[in-house]
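Enquirer: Here's a structure for you.
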Amino acid sequence: MRISTLVYLVRQGLKNIVRNKMFSLASVATMAACIFLFGCFFSVVVNFRYIVEKAEEGVAVTVFFDEGLTEARITQIGKLLSDRKEASEISYVSAEEAWDSYQKDYFGEDSRLAEGFRDDNPLANSDHYEVYLSDVSVQDSLVKYIQGIEGVRKVNYSSAVANTLSDINILIGYISVAVIVILLAVAVFLISNTVTIGISVRKEEIAIMKLIGATDYFVRSPFVIEGAIIGLVGSALPLIAVYYLYRSVVSFVLERFTILSLDFVSSKFIFSYLVPISLVIGLGVGLLGSFSTIRKHLNV
Amino acid sequence: MISLENVSKEYAAGIPAVKNVNLQIDDGEFVFIVGNSGSGKSTLIKLLLKELEPTEGTVMVNDIELNKLKHKEIPKFRRDIGVVFQDFRLLKDRSIYENVAFAQRVIEKSPKRIKKRVPEMLKLVGLAEKYRSFPKELSGGEQQRVAVARALINEPRLLLADEPTGNLDSTNSWEIMRLLNAVNKKGTTVLVVTHNREIVKKMQKRVITMKKGVIVKDVPEGGVLGEN
Ligand SMILES: Nc1ncnc2c1ncn2[C@@H]1O[C@H](COP(=O)(O)OP(=O)(O)OP(=O)(O)O)[C@@H](O)[C@H]1O
Ligand SMILES: [Mg+2]
């Protein structure tokens, strides 16, 4: 195809959009709402995943032994645990270490409070393994396995935090997918309507074009371009908005809630995914909207 | 060459608009098609353009058998045919220049060629100065001349004109006929549907008369027309 032809076709596509301002605007706005929400949900979900992952890194299953279990057996259990692929890391904590760490956590620097227990380690018999998980979701199966090992008295695990976190994340994911799918359908519908109007306005022109030997692609291209431009503009605009919104929310939270020592995913990372995904969605929706319409109304 | 063999066209089952037409038109001929309103003249033109499919029979245009033509090949086929309509069918939102250039853009000619050819064509039809005007600013005759320029700019082998003078006064009609005659002299086959008896009589071309979808008379060039 000639460059001049391409330029001509793009100009015709733009002309369609301008000629049909209200519908074009409505389509762009819907598309923009869609991508805006997508961008917000995406940012939230990615950050949530990030938090969950960090939390998961700290989640450990604690394995206590039967009273008076031999050191050999304890080592053996350690071996069994480290063979599991759910376990990313295991460490042995002796009764003394456990007590030390407990004192530190609960009495702080004020060692006088712990004085009373000096000779009598209240946590005797509390030597244990701490098994760090590769992924919170495998916790249940690992715990079941450990409970079945001979010599294990008790397994402590905290299902609550990690599971709730990933449950919330999944919920956010579902809700956002549902909302976005609905909006995308609306966008396809509106773009298709916009293109339909463009086609009906140009019926005469299309008929003449066909009679003087225009190829199908020549007749169709302006409408495809129209849809693509609406989709792309509709997805590019909200990205800019989401970008500034994200940065200001992050800096606002970091400033106001310094005590929480929160950590956010960098906007660079988020947008390195968000931009291409959104543009592809925008383009896809635009093309879908125009193609479906052209099929129906342009029997060239 | 155009040839129709036993061609019929029924819009609604059982009511033929064109019935068992056999016809042959050689390259370079100038032919008038006359007949009452509803006799099937426009239908015949549409069959030649493959705008319509015959219900029966075979249509050959420019040595191409139309029912064997694939959808994809239609544009290329039509590029060898110029069409002029009774109601001009210009694009109202584009200048005269653009209307004529349009025919070249559609078949993807280079901008350079378009810049050269469009003024040439407009000059040929006597509208060189009006290139910036819009269709509604032109008289009927002028608009029809724009339509002729558009039909001729791609140098078609065949020109089909369906009542090109239907909306024009005598002077303008003759102006159009002069143009059509000139392109015919240069080798283009010309097929003109018309109700204008005066023109048909004076031009002394081949005249085909249709009645109720049937060709009832076919008078060769210079022949005696007789009444009706
Ligand atoms: N699209 C259509 N659907 C149904 N019937 C049609 C259609 N077009 C034409 N006809 C019928 O076919 C017959 C021939 O019509 P056609 O347009 O070919 O006549 P014509 O000779 O061109 O007439 P005119 O001189 O008035 O233009 C007429 O009876 C007309 O009513
Ligand atoms: Mg007619």
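The values are calculated or read from the model by the stated rules, or taken from the named source; none is laboratory data. Worth saying up front: this structure is predicted, and the values here are computed from it rather than measured. All Cβ positions, glycine included, derive from the backbone under ideal geometry; neighbour counts span all protein chains shown. Heavy atoms of the whole protein, side chains included, go into the accessibility calculation; ligands, DNA and RNA do not. Shrake-Rupley method; radii C 1.70, N 1.55, O 1.52, S 1.80 Å.
Enquirer: Does B:ILE199 meet the test of being crowded, with 21+ Cβ neighbours inside 10 Å, over 22 Å from B:LEU127 (Cα atoms) and away from every other protein chain (no Cβ under 14 Å)?
Expert: No: the conditions fail for B:ILE199.
Enquirer: Now, a different point. Return the only residue of B:LYS92, B:LYS70, B:LYS136 being open to solvent by 50 Å² or more (accessible area, probe 1.4 Å) and free of Cβ contacts under 8 Å to residues at least 40 places away in the same chain.
Expert: Step by step, each of B:LYS92, B:LYS70, B:LYS136 is checked, and only B:LYS70 is open to solvent by 50 Å² or more (accessible area, probe 1.4 Å) and free of Cβ contacts under 8 Å to residues at least 40 places away in the same chain.
Enquirer: Go over the candidates B:GLU56, B:GLU51 one by one and state the one that is surrounded by fewer than 21 Cβ atoms within 10 Å (Cβ to Cβ), more than 10 Å from ligand 1 (Cβ to nearest atom) and within 14 Å of chain A (Cβ to nearest Cβ).
Expert: One residue alone meets the criteria, B:GLU51.
Enquirer: So, of the residues in region B:79-104 that are under 15 Å from B:LEU152 (Cβ atoms) and of a type in the set (Phe, Trp, Tyr), which turns out to be farthest from the other protein chains (Cβ to nearest Cβ)?
Expert: B:PHE88
Enquirer: What residue, of A:ILE230, A:ILE180, A:ILE240, is buried (at least 20 other Cβ atoms within 10 Å of the Cβ) and part of a helix (DSSP H, G or I)?
Expert: A:ILE230
Yes/no matrix, rows are residues, columns are (1) away from every other protein chain (no Cβ under 14 Å); (2) in contact with a strand residue (DSSP E or B) (Cβ under 6 Å, 6 or more places away or on another chain); (3) farther than 30 Å from B:GLU29 by Cβ:
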residue: B:VAL106; (1), (2), (3): no, no, no
residue: B:LEU124; (1), (2), (3): yes, no, no
residue: B:LEU138; (1), (2), (3): yes, no, yes
residue: B:LEU159; (1), (2), (3): no, yes, no
residue: B:SER170; (1), (2), (3): yes, no, no
residue: B:LEU179; (1), (2), (3): yes, no, no
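Enquirer: Somewhere in region B:85-94, is a residue away from ligand 2 (no atom under 16 Å from the Cβ) and aliphatic (A, V, I, L, M)? Let's see the steps before the verdict.
Expert: Of all residues in region B:85-94, those away from ligand 2 (no atom under 16 Å from the Cβ) come to B:90-94.
Now restrict to residues that are aliphatic (A, V, I, L, M): B:90-91.
Scanning region B:85-94, I find at least one residue that is away from ligand 2 (no atom under 16 Å from the Cβ) and aliphatic (A, V, I, L, M), so the answer is yes.
Enquirer: Would you pick out the residues in region B:27-58 that are polar (S, T, N, Q) and within 13 Å of ligand 2 (Cβ to nearest atom)?
Expert: B:ASN36, B:SER37, B:SER39, B:SER42, B:THR43
Enquirer: Is it the case that some residue within region B:166-178 is free of Cβ contacts under 8 Å to residues at least 24 places away in the same chain and either crowded, with 19+ Cβ neighbours inside 10 Å or away from ligand 2 (no atom under 16 Å from the Cβ) (or both)?
Expert: yes
Enquirer: Out of B:GLY38, B:GLY28, B:GLY14, report the one residue that is exposed (fewer than 15 other Cβ atoms within 10 Å of the Cβ), away from ligand 1 (no atom under 15 Å from the Cβ) and of a type in the set (Gly, Ala, Ser).
Expert: Working: B:GLY38 fails: away from ligand 1 (no atom under 15 Å from the Cβ); B:GLY14 fails: away from ligand 1 (no atom under 15 Å from the Cβ).
Result of the check over B:GLY38, B:GLY28, B:GLY14: B:GLY28.
Enquirer: Which condition number in (1) hydrophobic (A, V, I, L, M, F, W, C); (2) over 30 Å from B:ASP93 (Cβ atoms); (3) part of a helix (DSSP H, G or I) is the one that A:VAL265 fails?
Expert: Here A:VAL265 clears every test but (3).
Enquirer: Sticking with this structure for a sec: B:ILE64 is checked against (1) within 15 Å of ligand 1 (Cβ to nearest atom); (2) of a type in the set (Val, Ile, Thr); (3) surrounded by fewer than 18 Cβ atoms within 10 Å (Cβ to Cβ) and fails just one. What number does that condition carry?
Expert: (1)
Enquirer: So, B:ILE81, is that one open to solvent by less than 40 Å² (accessible area, probe 1.4 Å) and closer than 30 Å to B:PRO119 by Cβ or not?
Expert: So B:ILE81 fits the description; yes.
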